[in-house]
Each structure stands twice: as structure tokens, then as C-alpha cells.
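Before any comments, here is the structure.
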Amino acid sequence: MLKLRDVSKKFNSLMVLKKINLDIRTGETIGIYGPNGSGKSTLLKILSGFTKPSCGKVFINDRDITEMPAEKRAELGIAYAFQIPRPFERLTVFENIYTTSLLRSDPEEAAIKTEELLYQFELSDVSDSIAANLSQGEMKLLEICRSVATQPDFLLLDEPFAALDKENARVIRRKIRMLRSMDMGIVITAHRSRILEGLVDRIMKIEYGILNRE
Amino acid sequence: MAVSFISVISSTIFLSIFAVAVSLNFRIARFLNLSHGSIYALGGYISFFTFSLHFNAFLGFLTSAVFSFITGAILFLLVKKIGKNLLEATIISLGFGIGLEEILRLTNRTGYYLIIGENVIPTDLRENLNFLIFLLVFFFLLAIYRSQTGIKLKFIEEDSTLAEIYGVNTEKYALLCTGFTSSIIASLGFINSTSQAIFPAIGWSPLISGILIAAFASIFRTTGFLHYLRISAVALVYSLILSFII
Amino acid sequence: MNPEVEEKITPLRIYRKTISSKKRKFAFELLSLIVILSAIILTGNFFLIWLTSLALIYSSLTLSWAFMEDMGGRTSLGHTIPFGLSAYLSAILLILTKRPESVLFSWIAAGMVSAIIFYILSRIDRVGFVFITFIVGASAWLISPLILLKVNGELIGGEEGFSIFTISLERIYIISSTFMILLFAFFSLFSLNYRSLVFKAMRDDEKAARASGIKIDRLKLYISIISCIPASISGGLYALLFSHVSPDSFSIHIAIFPFIASVFSRDESLSGRIVGSFILVFISNYMNSLLPESYLLLYAAILILSPRIVRMRFFRMEILGG
Ligand SMILES: Nc1ncnc2c1ncn2[C@@H]1O[C@H](COP(=O)(O)OP(=O)(O)OP(=O)(O)O)[C@@H](O)[C@H]1O
Ligand SMILES: [Mg+2]
């Protein structure tokens, strides 16, 4: 279980998060929505270790990881897909996924896993393209695919639907459905609640730094 | 002790001016101008010719100021045409500096070191002139930062893209700034290289010191005139440390 | 129907095929390099051998530098730190101890000291890294004339530098060509190995690499060591070739040499960087014969135009990828 306890975050004088409590169980999918600047990304960055909370604590399976850097948390099974995709630009799509798989398996096994993932995410046709040349939708898929390749227990998807057309949003939606069967704890953020309906187990709203159940 | 005190003060004044020029260039024109060292040498060479050919000293000084202003402006135009970001602009300025240095060396092939000979500017006068430049630069900056232009400059320092969006002509200020700082540096070169042997790489040492001082001063993250005062304080500490080491 | 012809094209197959074609290309390049270098020594032309030795030493420096660029995404303008440090240290130890073995020790020691310096500097962001390495390297250049030694009551060093024993040109040629070939082989094979992928990932995006669980601090340490030790050996060979060490080995034109030699080569192409270094050394030499040290004008021109050139050949748009 991934837990936030009384987490607050202040940027200079701006209070972005106020005493947030959140429990994420494996096998459960949570949707969080809120307007621009409401602190969705900040929340996920605190979970993934890219931002430290001003006060409060982060736990994974009752272990305090508040001070743990992002790369260690990734090892413990927390994967974060950035809101704006950050592929390894000069590597091919295959290499992007292979690199990440290699951190968890030996080269042979990783290669097979990579191939599987590329098929699952419909990226096999562009597998030898340089990542920087992908389209927006493909980059988004690659970003999610790469975070899945770390074989996480908790998957944090920051606005997977942002800046996509309907067609691509539908593809991503299908992929998230597929991920739900993989026994992970998943957090998805979005601007509006509608896009999360039917995709998540519970929906929460974040506004003025406060996280509320719908 | 008294002697070293005076030398610390004069080195503080000298390095403050250098660092202010480096910092101004970095903040307003948005690149680290690595050609400043060569511009200093340019001032030195003009000084050498002025005194060794017995031209009017004041006219020589003026020539150096104007000529270096133009050189700085040319550099800025190159940077604008070729460079897309801070790093590219800096590398261009490095190339420009090396080129300038080589031109100075190739056109003055009588010897690597040029020596003006007699003490054309006595030490006292030289230090007073440095102090005068120091005062002029600081009063000029104070006056500018208190005027309408100062608000724009502060805006550019804080966020130049935003400033541009709000209609500040950042390029004009960047051009003037590159020219102006080059002028200051060349003036320093003109006055101070009279006391030493002149060679093309003469400016590197003050340039590196100037960059270090400007970098330390920028840790405080102030903008506007206050920042340039901080530079003087850092320059003082730097000169003190140097005087203890050497 | 032959089932082998009908085999499906899968991502993994494409990947393996690319790797093996790159390996063939590497084997060809390695072979050509060995042939060319052997041919040069067989000519017996003293000047050609001398100039090639110099180019080989510069190429080694460029390759070491390129490792930091290609695997760490860090552009250094301060590789004169290991280069000059090792030249100085080996000269000083030779003069003090009079034992040739001390050279090996100084190469490693200078490399390790520089690696620590670079490791600390690599915590700064990429743009800052370029500046700070340049400033540290240039400071070393300015300070180096202050290095003086008292030998038999006589002060040596300073602007003049130190003279050390001469070794035969054939020997230095063989050492530097072997060294350069080994470096080329090692760096090429490393780049083709799957282990290099985490480095390249970090090079492309440090944050994304961390999100995948790549421990970038450790990789930065490896990169600093693997890049600094060969750069340091190059500096030591440079001192041996000239039998002399002076502040020149810290000079800015050596600091920018790898950058300039790489400006024209294709992305990550090590052979291109070697060719670039050779061309630069030979052209510089030719220009020098016309007008002493006029090659620096060429350096200046390439530096000024480098953003343009880089943009023409990389798919990434700016030096450092913006
Ligand atoms: N590093 C930072 N420094 C200062 N302020 C920050 C920083 N990161 C975020 N903020 C501020 O915190 C607030 C929340 O930002 P955050 O990115 O978490 O919002 P968001 O809900 O993800 O918005 P969006 O829907 O636009 O992605 C914003 O007002 C933002 O300006
Ligand atoms: Mg966000």
C-alpha cells in the first residue's frame, strides 16, 4: 500500500497541497481530477520522489520513504509517467523500453519482455524510430509503456489524456483498461471527471489544495 | 601592511568593474561574453600605439572606447544571427575572442610582448583613473536603474521572454549592453596595460576572475542595482583572499 | 515455401540486425585504422610519423572527451584538467625521482584527481557544466606558470615549463597508436553493448532516467573515471612527444580541440571524431607553415559557426539539445 499522511506542499508562499491523506492499494485504480494548477502533478511528484513535501510523510507498505530519491522509489516499484512525455530522445523506441526492462531482468528476458510490451502498446511498427521523431500520441504511449516496463506495483499516470485527439485518447483508454488487469495500484489524473468515468474504481477531486472523495 | 591595503583596494576596484561588465552582459544580453578578455587586450594594444607613437592620449582612449563598442556590437550581431541559446552564444563569443586575439597577434609581429617603455601613466594617476571609471560606471548604473529604462532592464533580467512579450525591445538593450560592456573593458585595458607587458592573452586572467566574482555574487539572486553593489563586496573578499595567498 | 525467408520481422530482430551491422562497420573501421597506421610507420618519414603521433594523441583526447559527451550528455570544455595535470605531474615526478615508472603512477593519479573534480562538477546542470569546466580549465592554465621547482639550487618551471628525457619517435608512435586503437575499440564496443543503454538514457534525460530507476549519480562517477583516465594518459603522451611540459598543455586551444574536432563528425561516430582530429592537426600544421599559429583563426571560425554546423547535422536542434 502506498500512503500519504498529512502531506502539505508550499511553493514560496503558495500553499499547493494542504494536509493530504491518501491510500493506494495494489489492484485499485484511482482517478484524481482538478483544474489547471490545482496540484495534481505536485501530488504525483511527491509520491514518486521528484518533489519533497513541506511536511507530512510518504509510506510504502508502512516503510517511510519521504526522504527517498526518485530512482530508489522506482526500484521499490513506484513508476511515474510524466505529464509531458520525456522519452530518451536519441534512442529508438525499442531501446527506450529495453533500457528500462534491463533494470529488472537479464538481457534475454528483457528483450522478450520489451517485444511483448511493444506489441501490447501498438508501438511495434515504430520500434526502430528515434524517439524524438514520434508523434504526440506515440510519445504518450511510449511514456506509459516505459513506466510499465519497470514492472511497478504502483503506476502514477500524470494526465495521460492531455493534449490528445479523440482517437489517441481512445487508444490510451484501452491500454489503461488492459493495465487494470495487471494487479497494480494505479493513479490517473485528469482535468475533468468525465474522462475518468468507467475507467477507475474511485474518483477524487482536488481543489484549493484539498483532496475530496466524489 | 599599508601598501598591501592599497593594492587590495585597487584590485577590488579593477575587478569590480570587470565583473560588473561580465555580469551586465550575462543578465541583459543573455550570454557569458568570453571575448571580454580579448577586448581588454584590444584596449591594451590601442594604448601601446597611442603612447609609443605619441598620439594624444585622450584621443587614443576615445578611439579604444568607440572601437571596442563597435567590436562588441559586431559580436552581438553574430550571436544573434548564429546562436540560439545561452550556450551557443557563449561559444560564439569564445570563438570571436580567440579570433580577435589572433588578429592582434598576427598584426603585431614585432614580438609577443609589447612594452610601452616609460611609465606613461603614473601609478597614482592610473589608480585614480580606475576609480573614476568605477564611479562613472556605478553612477551610470544607478541613474539607469532609477529611470524608466531601469524598470525594463530589471524586467529583462528577471524574464527576458516575458519582457519581450510585453513589448520591451530586448534586442536593442542587449546590443547596447554588449557594446557598452566592451567599451568599459577596453578602457580598463587601455589604462591598466600601460604598467605591464602587453600580449594577446593578457585579458584572460582578469576575465576568469571577473567571471568567478560575478558567479559568486549571483548566488544572492538579487536584481537591479543592488546586484552590482554585491559584486563589489565579493570583489573585495576575492582580492583579500588573493592577497593572502600570493 | 522456405520458412526462413518468410520469418516475421519483429522489433527484436530489427534491433539485433542494427547491432550486428554496426559491429561489422566497427570491424571494418578498426581494420582500416590498423592498416593505415602501419603504413605510416613503414614510410619511415620522420615528419609524417611525428605529426601522426601528435594527431593520435589529440584523437585519444577527443575520444575520451566524446565518451563524456555521448554517454553522459555532458560537454566539457575542461578536459585540459586531466590532460595538463598528468603532463605536469609526470614531468615533476620524473625530475624529482628520475624513475621512468613514476610516469605510469602520475597518469593514473592525475586521472583520478580529475575524475573526482568532474564528478563533483557533474552535479551542476548541463549548461552550467560547460561553463564551470571551462572556467576550471582556464584557471588551471593561468595558475600553471606559478608552478616552480627547485632543483640543485636552481628554480625551474614557470612560463618555461619543464624539460624531460626524450624517447625515440618510433616508440612514442607505437605507444600512442596502440593506445588510440585500444581506446577506439573499447569505446566502440562499449557503445554497442547493452550496458551502455542506461548511460545513453541518462544522457538523453536525467529525470526520465531516474523515473525508470537508473542511479545517475553512480553512472556520472563511472563516466568521469572512464573519460578522465584516458585523457590523462593522452596528456602524459603529449609531454613525452615534446619532451617538454609547459602551461601550454592547459591552454584553451587544447580545451576546445575535442569540441572543434567533433563539430563536423556525425552524431556519436567515433571514427568521424578521429578523422576530425587528424584533419584538424594536419590543417593546423599546414597553416602554421604559412603563418605561425594562424590555425587559431581556423579554430575561431569553426567555433563561431559551430551552432550552424551542429544544427545541419544533428536531428536535435541545438548544441546540447536545448
Ligand atoms: N517548482 C515549482 N516552483 C514553484 N511553483 C510551482 C512549482 N511546481 C508547481 N508550482 C505551482 O504549484 C501549483 C500546482 O502545480 P501543478 O503542476 O501540481 O498543477 P496541476 O494540477 O498539475 O496543473 P496542470 O493541470 O496544469 O498540469 C501551480 O500553481 C504551480 O505554479
Ligand atoms: Mg499537471
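The values are calculated or read from the model by the stated rules, or taken from the named source; none is laboratory data. Please read all numbers here as calculations on a predicted model, not as lab measurements. A quick note on method: Cβ atoms are made from the backbone with ideal geometry, for glycine too, and the neighbour counts reach across all protein chains shown. Side chains included, ligands, DNA and RNA excluded: accessible areas come from the protein's heavy atoms. Shrake-Rupley method; radii C 1.70, N 1.55, O 1.52, S 1.80 Å.
For the range A:35-65, filtering for residues that are more than 11 Å from ligand 1 (Cβ to nearest atom), of a type in the set (Gly, Ala, Ser) and open to solvent by 30 Å² or more (accessible area, probe 1.4 Å) leaves 1. Within the range A:111-163, being at the interface with chain C (Cβ under 9 Å from one of its Cβ atoms), within 16 Å of ligand 2 (Cβ to nearest atom) and not charged (D, E, K, R) holds for one residue alone: A:147.
Quick grid of which residues meet (1) within 16 Å of ligand 2 (Cβ to nearest atom); (2) of a type in the set (D, E, K, R):
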residue	(1), (2)
A:11	yes, no
A:16	yes, no
A:21	no, no
A:27	no, no
A:32	yes, no
A:39	yes, no
A:45	yes, yes
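For the range A:66-82, filtered to residues that are surrounded by 19 or more Cβ atoms within 10 Å (Cβ to Cβ) and in a loop (DSSP other than H, G, I, E, B), the residue that is farthest from ligand 2 (Cβ to nearest atom) is A:77.
Here the range A:164-192 is the region considered, the condition is being over 22 Å from residue C:212 (Cα atoms) and within 16 Å of ligand 2 (Cβ to nearest atom), and the residue that is farthest from the other protein chains (Cβ to nearest Cβ) is A:192. Restricting attention to the range C:199-213, the residues that are open to solvent by 10 Å² or more (accessible area, probe 1.4 Å) and under 14 Å from residue A:131 (Cα atoms) total 3. Scanning the range C:100-150 for residues that are away from chain B (no Cβ under 14 Å), hydrophobic (A, V, I, L, M, F, W, C) and open to solvent by 40 Å² or more (accessible area, probe 1.4 Å) yields C:104, C:105, C:108, C:112, C:113, C:116, C:117, C:120.
For the range C:205-322, the helices (runs of 4 or more DSSP H) that sit wholly inside it and include 1 or more residues that are within 14 Å of chain B (Cβ to nearest Cβ) are C:252-263, C:270-290, C:295-313.
Out of all the residues in the range C:65-75, is one or more surrounded by 24 or more Cβ atoms within 10 Å (Cβ to Cβ) and within 18 Å of residue C:247 (Cα to Cα)? No, that holds for no residue. All told, residue C:84 meets the bar of being within 16 Å of residue C:244 (Cβ to Cβ) and either outside any helix (DSSP H, G or I) or at pLDDT 95 or above (or both).
For the range B:91-106, a residue qualifies if it is buried (at least 24 other Cβ atoms within 10 Å of the Cβ) and within 7 Å of chain C (Cβ to nearest Cβ), and the qualifying residues are B:91, B:92, B:94, B:95, B:96, B:98.
Among the numbered conditions (1) modelled with pLDDT under 95; (2) part of a helix (DSSP H, G or I), the only one that residue B:118 does not meet is (2).
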